[in-house]
1. Tally the residues that are among the acidic types (D, E), within 17 Å of R97 (Cα to Cα) and part of a loop (DSSP other than H, G, I, E, B), restricting the search to the stretch 1-57.
2. Does the stretch 42-67 hold any residues that are loosely packed, with under 15 Cβ neighbours inside 10 Å, in contact (Cβ under 8 Å) with a residue 12 or more places away in the chain and not charged (D, E, K, R), and which are they?
3. Go through the stretch 73-99 residue by residue and tally those that are assigned to a helix (DSSP H, G or I) and either of a type in the set (D, E, K, R) or under 14 Å from the mean Cα position of the chain (by Cα) (or both).
4. Within the stretch 32-41, track down each residue that is buried (at least 16 other Cβ atoms within 10 Å of the Cβ) and either within 17 Å of Y68 (Cβ to Cβ) or more than 12 Å from the chain's Cα centre (by Cα) (or both).
5. Can you tell me how many residues within the stretch 84-94 are closer than 17 Å to Q24 by Cβ and surrounded by fewer than 18 Cβ atoms within 10 Å (Cβ to Cβ)?
Amino acid sequence: MDLYQFEACTADSSPPQDLPPVLQALWFEARGDWDRAHRLVQDLSDASAAWVHAYLHRKEGDIWNADYWYANAGRSRPSVGLEREWRDIATALLRDRYG
């Protein structure tokens, strides 16, 4: 699956079955379900989950919390807009998952 296919599937009523939690979180966030997205990543400890978690808090406007999670992900808060960051994260996670 590539970014175009992933973005297109956010119009479906449910995420694809084989998506890992970090991509499910981005899927739900794209559909406006921030709470469900947050629940999917809040207890995960890997860097990818921390990156998505950071993005979610940045989108929420909780910058202090976002910066905490960016640090856990080994990243800095980006200077790009939220849409671009969502796409950057999705692209990286899709590449990790599907090659």
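Derivation of every value follows stated rules applied to the coordinates shown; laboratory data play no part. Keep in mind that what you see is a predicted model, and the values were worked out from it rather than measured. Cβ placement follows ideal geometry from the backbone for every residue including glycine, while neighbour counts extend to all protein chains displayed.
1. Of the residues in the stretch 1-57, 3 are among the acidic types (D, E), within 17 Å of R97 (Cα to Cα) and part of a loop (DSSP other than H, G, I, E, B).
2. Selection gives A47, I63.
3. Qualifying residue count, the stretch 73-99: 17.
4. H38, V41
5. Matching residues across the stretch 84-94 total 3.
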